[in-house]
Amino acid sequence: MKTLKFLSIVICYLILAAGTPWQTQAQGLKSNPALDEKVKKFLSDHSGQWHDLNISSADGQLLYDIIIKGNYKSALEIGTSTGHSGIWIAWALSKTGGRLITADIDPERHKQALQNFKEAGLSEYIDARLTDAHELVKVLKGPFDFVFSDADKDWYKNYFIDVDPKLKVGGCYTTHNISDRSMGGYGRSGGRGGNGGSGDYLEYVRSLKNYETTLNNGTLVSYKKAEK
């Protein structure tokens, strides 16, 4: 009986010491309560004001959760707008010890994004570039473990093809404003001479056997399982 009791205590101790995967991961996250409060206040103060090609708060929370869960550290955002998505991404990266490269081609949006990043207290986690993402993604060396694509939809497939070799196995590539309706032609456009619209893109990504892809309320979430 004593031996059985002893073994039970040992097993319980080992379980507690190991913890759940989430607990183990959470223990490795950086804690900065002051920054958390600053970001929360900024997001609260600006709630409902993100109209210029920005994502919703629910979408931002999704990106944040993916980064925390994956413990991702090297992120790329294609399409900064005025910075709402970048704030959610950088906030998560502040906990994993990572950094974000984000790009936008519009000078006014870029300027406003820089101001928003500063007010939210996240500038040190963000490399914001005023540039044409069509060219930038070709020359960035990477590697990346998280990508958020939210720029011109007619170029979605091109962006993916350029970034795919630079995305680590186990990494996550997310794409905004995707709907199954786009398979019927919704979202297709000529734009800047791209490779079809979001419908072509959705069909292409879903065909890749080395990616596990799900659609989450308009955000396509694709995990890279293998190189090919």
Review point. For segment 57-108, what is the accessible area per residue in Å² when the probe is 1.4 Å?
Key: 29
Revision key, fill the gap. Share of accessible surface on carbon and sulfur in segment 63-157, whole %, 1.4 Å probe and ligands ignored, is 50
Practice item. Beyond 28 Å between alpha-carbons counts as too far, so tell me which of K138/K224; K40/K228; K38/K138; K118/K157 fall in that bin. Key: K40/K228; K38/K138; K118/K157
Practice item. Let me see the pair-distance distribution of segment 96-141: every alpha carbon pair, 5 Å bin width, integer percents in order. Key: 5, 21, 28, 22, 16, 8, 0
Check your understanding: If we sort 132-140, 70-78, 147-155, 211-219 on the protection proxy, mean other Cβ atoms within 10 Å, highest first, what's the order?
Key -> 147-155, 70-78, 132-140, 211-219
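The values are calculated or read from the model by the stated rules, or taken from the named source; none is laboratory data. From a predicted model like this one, the values you see are computed outputs, not experimental measurements. Glycine gets a Cβ as well: all are built from the backbone with ideal geometry, and neighbour counts include every protein chain shown. Just so you know, the surface numbers come from the protein's heavy atoms only, side chains and all, with ligands and any DNA or RNA stripped out. Shrake-Rupley method; radii C 1.70, N 1.55, O 1.52, S 1.80 Å.
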